[in-house]
Structures are given as C-alpha cells and as structure tokens.
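To keep things clear, I will list the structure first and then write my remarks on it.
The values are calculated or read from the model by the stated rules, or taken from the named source; none is laboratory data. Keep in mind that this is a model prediction, so the values were computed, not measured. Because the Cβ atoms are built from the backbone with ideal geometry, glycine has one as well, and the counts that use them run over all protein chains shown.
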Amino acid sequence: MRNIAWTDIAIAFFIIAIVIITINFALDSAHENLSDSQKKAYVNQLSRILNDYRKENPSTRLPIHTEGCVIRNGMNYCGFGDLFNEMPHDPNEHDYFYRSSDGIDFTLRAVLSTSHYYIYDSTISDSVVIKPQYIIDGVCGKDNTKALFASPSNLCVSGTPSKVTASDKVVLLMHMDGDDGKRVFRDQTKKLFMVNGDVVTSTRDKMFGSASALFDGGSYLSIASSDDFNFESSDFTIDFWIYLTDLKGEQVFISRGDNDFKDTPHLMIRKNESNMLDAFVRSESESILGRIQGGEVSEKKWHHVAYVRKGNIFYLFLDGKKISSVNGEGNYLTSTHPLRIGAHNHDSQSKFLKGYIDEVRIVKGVGEWSDDFILANEQYYWYNWKCEKEKGGISAQCGAENYLK
C-alpha cells in the first residue's frame, strides 16, 4: 500500500507540473499575442501621425534617415522634436524603426514575437507582415553574394539565393503594389508613365507583394521614352509574371514602337492566337531580330516570362524553362517612342491584355539567363549602390536598400 501511495503522489506531482507548464505556456503565448497586437497598433498610430503631419505641412520634409533610426521611450526620436510627445507611451518599451531616404515616403517597422516584421510603407499606404529577407547584392563586401537584412545595417554573408535583383543595371522595376482598385503605379527607377484606360491595382490575384496590375482588355500603361530602352547591341533581360483571365485572340504584354510600324514594332513580347509566346526586336535595318516563338500559356494560371539577349544569342523562357534560342547579330533600333505594357504599339491593332501582370523588370546590359533557372520566390528588391558600384564595400551603407513591400 505504501509503494502505491508514493507512486500516486509522484503521478500527481507530474500532472501538476504539466498543468503549470501548460498554463505558463498559454500565458506566455497570450502575452506575446497581446504584445504583437500592441506593436501593430503603435505602428499604425505612428503612421497616422506622420501622414497627418505630411498633409498639414506639405512643404516640409520628414527627417531623412537612410539607414533607419530607433523610436523608443526615452530614446532617439529621429529628429521629430515634439511630434510624438502627445502619443501614449508603450508600457513594454518596444522598439520601432523609422526610415526615409527622401523625406517624403517612409517606412515604420516593428519586430513581432515570430521574428516577422510588421511594416507600414507610405508608398502603398498599407501595413504588411513579412518574413526577414535575404537580399542579393552580387558584390556585398566585394567577395560575398548575399546581404542579410538587419536594422540598421546590412550584414554581408556568403550564399547565392535567386530571389532578388542583383544589379544596378535595372532600368525598370514595377511591383504593381497598392490598394485594391487604384490607378496609382510606381517604377523604382522613377520613370514617368501614363495610365491609359482603366488599369488598376488588384489585391485579388497577385504573384508577390500587396497587389498586381489588372488589365480589362481595353487599357494599358505607357512609359515615357527613355534611352534606357535603347539596347543597341547590349545584352538585356525583360521578365514579368502574367495571369490571363481570357485566352481569346492575340494579347500583347510589352511593346515599343510607333504607328508607322504596325507589323514590325521596335520591341514585342506577346502571346499569339495559338497561345504561344512570341518575342522579337527590330534591328537598325528594320528587319526582325531575335524572334522566338513557342511555349504555351494557360488561362487563370500565373506564368513567368523572360526574354533575354546575351551576346548575339536571344533566349525566350516560360516558367524558368528555356523555350528556344536564336542567333541575332545586329543592333536594336534606337527609338524615341514610349514603352507600352498591355497593348500593341499600333493603336488600330492594340491587341490588349486581359488579365493580370506583376513584377515587370527590364535590365539593360545584363543577359541574366541562358539556360533553365530557378524562379524567384519573392519580389525583386531595389539595390542601394552606395559602395562604388560593382567594386562593393564593407560599410554599414553597403548592401541592399531597406526597401520592403
């Protein structure tokens, strides 16, 4: 009987210990959830204060902190003076990070208990939860190939992920992010463009980020002419994601040219009536150069399309798989005409896109792929070349710019 009693007591203590551990775990989890909710609430409140300040003081720039600064009780207020004085203090003394490279747009960030970031980005007027990102810089620290996103510095480590842009040769980068149904688009290289018709940002179907661009079959984006789009004999990479809601007829993804050359535009990437990709450019002699047809796109499915010139060889890829390559010696015709996304360059044969497009990128001077490749699993990120261009560097300013969507 005595042995049985001691056994019962041991079991009882074991059960009590398990219950205490479970309760403590639940309390810790509840505290973390509450803490995360508080962090999100403070970020949102800070964003409202800054946005109100910008509206009330349109001619005054916000403090510029390219590497970010800490907003915390009793610590650095990032040069805002009395702006945050009336804001209730966080009793848990959490850190919040503010960053602005131009004094106009800004980001606010908190680190959640899951190690994810909760970020407000004024360029999209929204807050998002994201995982910490590894950012390729290609030359960070001269010999390294990956920069770990950290605040306020970017710490260089070795590795070669394939998820972000790795060159200062990017001449167009459009994430198509934004609020649902808006006609506001941005290019990371600051190029000017026009919305023709009813192209809007859509949060319904997107590949990455907060939104994609939705084309209704009668609209397009027009980007002002730039010498950046005159490739001449240079290598180039054009890539983007598409999601077609209707496969009827020819549909143009990207084109450049003028109304005089309806049959031979300066640049064309499209799907034909057989749903195959068709890409080519026009040479200085006005002949078609680097034309490749093939691959088959599907309805209501995201596809990655890439058209590349590397040396005198042109390549066309669908979903990371090489469709074909062709020799194309010669110079691309210099043009003064705009680039269109979602329509033919010739107004009477517009061949409008019907569906979504996301992550449009053009790289001048680099042909990124010549064989099958692993598709990106994140947005392309904008590189901050403060380290003597390709020569790299090791200072805190080197590495990937803290641009997050």
* Structure fact -> (1) closer than 27 Å to Gly209 by Cα; (2) in contact with a Gly (Cβ under 7 Å, 6 or more places away or on another chain); (3) in the same structural domain as Asp235 (by TED's automatic domain parsing); (4) at pLDDT below 95 all hold for Gly290 apart from (1)
* Asked: From the residues in segment 239-277 that are within 15 Å of Ser225 (Cα to Cα) and crowded, with 16+ Cβ neighbours inside 10 Å, which one is modelled with the highest pLDDT?
  -> Ile254
* Taking segment 102-142 only, how many residues are modelled with pLDDT of 80 or more and of a type in the set (A, V, I, L, M, F, W, C)? -> 7
* Report yes if some residue within segment 298-309 is surrounded by fewer than 15 Cβ atoms within 10 Å (Cβ to Cβ) and in a strand (DSSP E or B); otherwise report no. => yes
* Any residue at all in segment 214-236 that is outside any loop (DSSP other than H, G, I, E, B) and farther than 24 Å from His337 by Cα? -> no
* Structure fact -> Scanning segment 71-94 for residues that are modelled with pLDDT of 70 or more, part of a loop (DSSP other than H, G, I, E, B) and touching a strand residue (DSSP E or B) at 6+ places or on another chain (Cβ under 7 Å) gives Cys78
* To do: Considering every residue within segment 276-285, establish whether at least one is assigned to a loop (DSSP other than H, G, I, E, B), of a type in the set (Phe, Trp, Tyr) and within 27 Å of the chain's Cα centre (by Cα).
  => no
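So, of the residues in segment 317-337 that are in a loop (DSSP other than H, G, I, E, B) and either modelled with pLDDT of 95 or more or out of contact with any Phe, Trp or Tyr (no Cβ under 8 Å at 6 or more places or on another chain) (or both), which turns out to be surrounded by the most Cβ atoms within 10 Å (Cβ to Cβ)?
In the first step, residues of segment 317-337 are kept if they are in a loop (DSSP other than H, G, I, E, B); the result is 319-320, 328-331, 333-337.
Next, only the ones that are either modelled with pLDDT of 95 or more or out of contact with any Phe, Trp or Tyr (no Cβ under 8 Å at 6 or more places or on another chain) (or both) stay: 319, 329-331, 333-334, 336-337.
Numbers: Asp319: 16, Glu329: 11, Gly330: 17, Asn331: 15, Leu333: 23, Thr334: 12, Thr336: 11, His337: 20.
By that ranking, first place goes to Leu333.
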